[in-house]
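Shown next, in structure tokens, is the structure this report addresses.
The values are calculated or read from the model by the stated rules, or taken from the named source; none is laboratory data. These numbers come from a predicted model, not from an experiment. Cβ: placed from backbone, ideal geometry, glycine included. Neighbour counts: every protein chain shown. All accessible areas refer to the heavy atoms of the entire protein, side chains included, with ligands and DNA or RNA removed. Shrake-Rupley method; radii C 1.70, N 1.55, O 1.52, S 1.80 Å.
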2 protein chains.
Amino acid sequence: MLGGEQDDMASIAEHRENLRYLPGFLLTKDVRYARAGEIDDPCDMCVIAVPSGVVHEVLPYAKSKGPIVIASKGLEPTTDGVLSDLVEAAYPDNHVVALSGPNLAVELAQGIPTVAVAACTDEVSAALVRDVFFAPTYRVYISDDIKGVELAGALKNVLAIGAGISDGLGFGDNTKGALLARGLNEVARIGLKLGARLDTFLGIAGVGDLFATASSKLSRNYRVGLALGQGQTLQYALTSIGQVAEGVTTCQVATRLARKLGVQAPICEAIEAILNGKVDPRRAVSELMERLPRREGVLVGDAELPGNN
Amino acid sequence: MLGGEQDDMASIAEHRENLRYLPGFLLTKDVRYARAGEIDDPCDMCVIAVPSGVVHEVLPYAKSKGPIVIASKGLEPTTDGVLSDLVEAAYPDNHVVALSGPNLAVELAQGIPTVAVAACTDEVSAALVRDVFFAPTYRVYISDDIKGVELAGALKNVLAIGAGISDGLGFGDNTKGALLARGLNEVARIGLKLGARLDTFLGIAGVGDLFATASSKLSRNYRVGLALGQGQTLQYALTSIGQVAEGVTTCQVATRLARKLGVQAPICEAIEAILNGKVDPRRAVSELMERLPRREGVLVGDAELPGNN
């Protein structure tokens, strides 16, 4: 396990505990703990699990004899693309696997039954990741829709912020349910335009992860939204959480992508406007209620896209 | 508004309050309150909002000059069909509209922003229902997939029981997310086999309602599951809730339908076994973890159905 410059890997190796991010859980002694750059020989399988914004920084250390697994959930802000594109460009000879799903870290550490998806265009690599991660309380499916799995995992963080905002405003499960369903519609459309499959958005990495993230006090993205809905500033919300909330950056990418692809995304746009302090959250929800389409046409022809009737 | 034999409609009319089911909210004085049979002339639009098991009992009183709206969310246990089939058979000259979505009654009464879908094969009737129900905090979409809307609204109650069971067992959002995603997969497959559209299950009446129901202490189905997960008997759970939990009956219909249609539905089957007291909830979840397919293939060919690989 390689840490970044700010990580006290010596302490982690000694105490076998990550006091900063996962206190209270003993880490395995079966792996080496070191700072990136301290170990130069390629590993058998490399797992990248840093915030997506710094994936490009750790890439030089991702040398692997086998697959390179991406556990980060986000998009690359400089290219608006999925992280696997970045990794594949750096390591064209390795298969890249995305590992995603409703996998809140604390619950995983507690041994709570959890399911994930390992997605790769190469089935053998996906199956290898599945088998390596196998545990009685952790089951991994395989899928070949890596782009869909990455997009679903990244974009759901935007919707989790929206769910937090709704709850922070004191709205109910009716509001949150509508927001998430219509939001899922928006991000699924972005995904379809980029070549992802619809069933991925309906699966573990899509709806499954969205369910877990959008209602959990353990989700940093949900908590950022909750704080915003309760009237705090973004700066204050992020500082009080003290960890990276991927959805904040991903929201900018999502709205850029939606505009570029011609996908109407009023919910993502509203969340971005709230994040930027451009609109009051309560007003944004009222405006969304006005803007919602009058016909439920989820993924059908342009004639039934929101705003056209 | 017509009540059944057990409803004290005189009291409701006098106090404009339904003390039994919705205490604390003043009802409108713009409608008449009477017991079924006391008013014989057809209304302009009839809304059936009784538990689905007694829809056939109130049918003789559903005479309407316009559309007949079904707000009940369930299936007809004697035919395993949707309620609209029942209503259409009784009133072949009326258009039947299903009104569904994340619409927890207390939140609606509180004026919390809420969205619904009015589905009918006749667009004019759907639009009429949309316009009649229009309110600043209640927005109604239209759809032509009435079967999908009814199936999604009914079958999600089964999954809400499952979500409650998982929470009752002390599992986390990871478990619930996986359970709901795979469960949605099962019920969407049942729906597709019956001619419903996939986008309906991804929409307000599908994912939207599932989100609201599966995490809400206000949902009777969720509470039944929660009690079962905490070790109570079904009888005790139903008695302590004191209201109808549609999902209990719908679960039997769902598993019958799945078998008849050749859809593998391990999650619905497990919930039914728990409801029947045939399996311990904790053991059922463990068995589900074992049985989950190794490949995430949501709505693709039979080769990727659960159990085939």
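For the stretch A:1-158, what is the relative contact order in percent, using Cα pairs closer than 8 Å and at least 6 residues apart in sequence?
Rounded, it is 16 percent for the stretch A:1-158.
Note on chain A: Cα-only Rg and Dmax are 19.4, 63 Å. Binning all Cα-Cα separations of the stretch B:15-134 at 10 Å, short to long from zero, yields these whole-percent fractions: 12, 41, 39, 8. Loop-located trypsin sites (Lys or Arg not before Pro) in the stretch B:83-183 (DSSP state not H, G, I, E or B) with no more than 13 neighbouring Cβ atoms inside 10 Å do not occur. Label sites at B:Glu287 and A:Val31, each approximated as a point 7 angstrom past Cα along Cα to Cβ, lie 3.5 nm apart.
For A:Gln6, inter-copy separations between label points set 7 Å beyond Cα along the Cβ vector come to 6.0 nm, shortest first. Placing unit charges on each Cβ (+1 for Lys and Arg, -1 for Asp and Glu) gives the protein assembly as shown a dipole about its Cα centre, and among A:Leu75, A:Thr233, B:Pro136 the Cα reaching farthest toward its positive end belongs to A:Thr233. Rounded to the nearest 20, the Cβ-based charge dipole of the stretch B:128-210 about its Cα centre (Lys and Arg +1, Asp and Glu -1) stands at 140 debye. When the charge dipole of the stretch B:87-213 is built from unit charges on Cβ atoms (+1 for Lys and Arg, -1 for Asp and Glu) and taken about the Cα centre, the candidate among B:Phe201, B:Gly164, B:His95 whose Cα reaches farthest toward its positive end is B:Gly164. Apolar share of the accessible surface for chain B: 52 percent from carbon plus sulfur atoms, 1.4 Å probe. For A:Gln232, the distances from its label point to the matching points in the remaining copies are 3.5 nm, ordered from shortest, with each point set 7 Å beyond Cα toward Cβ. 3J(HN,Hα) couplings calculated from phi for the stretch A:96-109 with the Karplus curve 6.51 cos²θ - 1.76 cosθ + 1.60 (θ = phi - 60°) are, in sequence order, 10, 10, 9, 10, 8, x, x, 10, 4, 4, 4, 5, 4, 5 Hz; Gly and Pro show x. Take the Cα radius of gyration of the protein assembly as shown and divide it by 2.2 N^0.38 Å, N being the number of residues; the result is 0.98. What the Cβ-Cβ distance of A:Asp131 and B:Lys193 gives, at R0 = 30 Å and to the nearest 0.05, is a FRET efficiency of 0.35. Across peptide A:135-144, the mean count of Cβ atoms from other chains lying within 10 Å of each residue's own Cβ comes to 4. Maximal additional length on extending the A:Met1-A:Ala13 stretch stands at 3.4 nm, based on 0.36 nm per residue less the C-alpha distance.
Nearest 5 percent is fine: what portion of the DSSP beta bridges confined to the stretch B:1-133 is antiparallel? Percent antiparallel among DSSP bridges in the stretch B:1-133 is about 40.
Along chain B, the longest continuous region that contains none of the chymotrypsin sites (Phe, Trp or Tyr not before Pro) in a DSSP loop with at most 15 other C-beta atoms within 10 Å is B:135-309.
Of the residues in the stretch A:162-187, those shielded by at least 50 Å² of accessible area once partner protein chains are present, compared with the chain alone at a 1.4 Å probe, are A:Asp173, A:Asn174, A:Ala181.
How long are the three semi-axes of the equivalent ellipsoid of the stretch A:51-121, in whole Å, if each is the root of 5 times an eigenvalue of the C-alpha gyration tensor, listed from largest down? Intermediate results must be reported in sequence, preceding the final value.
Values: eigenvalues 105, 41, 26 Å².
Semi-axes (√(5λ), whole Å): 23, 14, 11.
The dipole here belongs to the protein assembly as shown: it is taken about the Cα centre, uses +1 on the Cβ of Lys and Arg and -1 on the Cβ of Asp and Glu, and is about 640 debye. Identify all aspartates and glutamates with a Cα-Cα distance to B:Lys29 below 14 Å; exclude those on the same chain that are fewer than 8 residues away in sequence. By straight Cα distance, B:Lys29 reaches B:Glu14, B:Glu17.
Once you average over the residues of B:106-118, how many Cβ atoms of partner chains fall within 10 Å of each Cβ? Before the final figure, lay out each step's value.
On the way: counts 2, 6, 2, 0, 4, 0, 9, 14, 8, 11, 3, 3, 1.
Rounded to a whole number, the mean comes out at 5.
Take B:Gly170, move 7 Å from Cα toward the beta carbon, and the resulting point lies 3.6 nm from the same point in each other copy, nearest first.
For chain A, the 222 nm mean residue ellipticity estimated from helices alone, with every DSSP H stretch of n ≥ 4 adding -39500 (n - 2.57) and the total spread over all residues, rounds to -14000 deg cm²/dmol. The simple spin-label model puts a point 7 Å past each Cα toward its Cβ; for A:Arg20 and B:Thr121 those points are separated by 6.3 nm. Per the rotation superposing chains A and B, the chain A residue found at the smallest beta carbon distance from the axis is A:Ser215, 2, distance in Å.
Accessible-area loss of 40 Å² or more (1.4 Å probe, protein heavy atoms, chain alone versus all protein chains) is found in the stretch B:203-229 for B:Ile204, B:Phe211. Taking max minus min of the alpha-carbon positions on each principal axis, the stretch A:120-271 gives extents of 49, 39, 28 Å, largest first.
Charged side chains reduced to their Cβ positions (Lys and Arg at +1, Asp and Glu at -1) give the stretch A:1-104 a dipole of some 320 debye around its Cα centre.
Considering only B:Ile48, B:Gly37, B:Leu22, the residue lying farthest towards the positive end of the dipole of the stretch B:1-118 is B:Leu22, judged by Cα position with unit charges set on Cβ.
For the stretch B:216-298, what log10 I(q)/I(0) values come out of the Debye formula at q = 0.16, 0.25 1/Å, with one point per alpha carbon and no solvent? The Debye formula, applied to the Cα set alone, gives -0.66, -1.25.
Interface size, chains B and A: roughly 4900 Å² of accessible area buried, both sides included, 1.4 Å probe, rounded to the nearest 100. First measure r as the distance between the Cβ atoms of A:Asn276 and A:Gln110, then evaluate 1/(1 + (r/R0)^6) with R0 = 41 Å and state the FRET efficiency to the nearest 0.05. Efficiency for this residue pair is about 0.70.
Note on chain B: with a GNM built from Cα contacts shorter than 10 Å, the maximum mean-square fluctuation among B:Ala98, B:Ala163, B:Ala62 falls on B:Ala62.
Per residue, chain A exposes an accessible area of 41 Å² to a 1.4 Å probe, with every protein chain left in place. Considering only alpha-carbon pairs that sit under 8 angstrom and 6 or more positions apart, the relative contact order computed for chain A is 14 percent.
For A:Asp44 and B:Asp85, FRET efficiency with R0 = 35 Å and r from the beta-carbon atoms, rounded to 0.05? Please report the intermediate quantities before stating the final value.
Working: r = 58 Å, r/R0 = 1.65.
According to the calculation, E is roughly 0.05.
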